[in-house]
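What follows is a set of notes on a single structure, which appears directly below.
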Amino acid sequence: MRDRLLVRLTSEPLDPAEALAFVADPGAGGAVLFAGTVRDHSEAGAVTGLSYEAWEERAEGVMAGIGAELFERWPLRAVVLLHRFGDLALGETSVLVCCSSAHRAEAFEAARHGIERIKQEVPIWKKEHLAAGEARWVMGS
């Protein structure tokens, strides 16, 4: 499984092409890529950017565990789980989840489950910078 799982927590920009290239496999009938991006609004109002903080020593291990769970639940060919930390501007990609499998249904289900588990379990915290000049931590995102 190790050679079919790519997990990374980084301050560098994320590249969807890297994720798609990693999951490419002649036995895969499809790949699903989810890219989470910084949007310009939230429940609190207009957003100018986000800051992510992570418990780096723990986060990649939790992400690797989520990857293992995806392989256990679905017949996947490869999985990519990447997340940013640091300051991100509007439109920047904060998270990538990419799964390939022989059939599309499994790839879609696994990618959806992967992003939900990342949001629930990985020790990464998000702070919204609001146009009103304040910042607030977003819980449970």
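The values are calculated or read from the model by the stated rules, or taken from the named source; none is laboratory data. Because the structure is a prediction, the values reported are computed rather than measured. Here the Cβ is made from the backbone with ideal geometry for all residues, glycine too, and neighbour counts use every protein chain on show.
Looking at (1) in contact with a Leu (Cβ under 7 Å, 6 or more places away or on another chain); (2) surrounded by fewer than 20 Cβ atoms within 10 Å (Cβ to Cβ), which one does Ile115 not meet, given that it meets all the others? For Ile115, the failing item is (1).
Considering (1) in a strand (DSSP E or B); (2) modelled with pLDDT under 95, say which one Leu88 fails and leave the rest. With respect to (1) in a strand (DSSP E or B); (2) modelled with pLDDT under 95, Leu88 is out only on (2).
Among what's in region 48-85 and is more than 16 Å from the chain's Cα centre (by Cα) and not in a strand (DSSP E or B), pick the residue that is nearest to Glu12 (Cα to Cα).
The initial filter retains those residues of region 48-85 that are more than 16 Å from the chain's Cα centre (by Cα), namely 48-49, 57, 71-77.
Those still in the list that are not in a strand (DSSP E or B) too: 57, 71-75.
Values: Glu57: 17, Phe71: 27, Glu72: 30, Arg73: 30, Trp74: 30, Pro75: 30 Å.
Within region 48-85, the match that is nearest to Glu12 (Cα to Cα) is Glu57.
Against the test of being surrounded by fewer than 21 Cβ atoms within 10 Å (Cβ to Cβ), of a type in the set (Asp, Glu) and modelled with pLDDT of 95 or more, the options Glu134, Glu128, Glu109 yield a single qualifying residue, Glu109.
With the structure loaded, tell me whether Ile66 is in contact (Cβ under 8 Å) with a residue 60 or more places away in the chain, closer than 25 Å to Ala17 by Cα and among the β-branched types (Val, Ile, Thr) or whether it fails that test.
It is false that Ile66 is in contact (Cβ under 8 Å) with a residue 60 or more places away in the chain, closer than 25 Å to Ala17 by Cα and among the β-branched types (Val, Ile, Thr).
Just one of (1) touching a Pro at 6+ places or on another chain (Cβ under 7 Å); (2) surrounded by fewer than 19 Cβ atoms within 10 Å (Cβ to Cβ); (3) under 25 Å from His129 (Cα atoms); (4) not acidic (Asp, Glu) fails for Ala59. It is (2).
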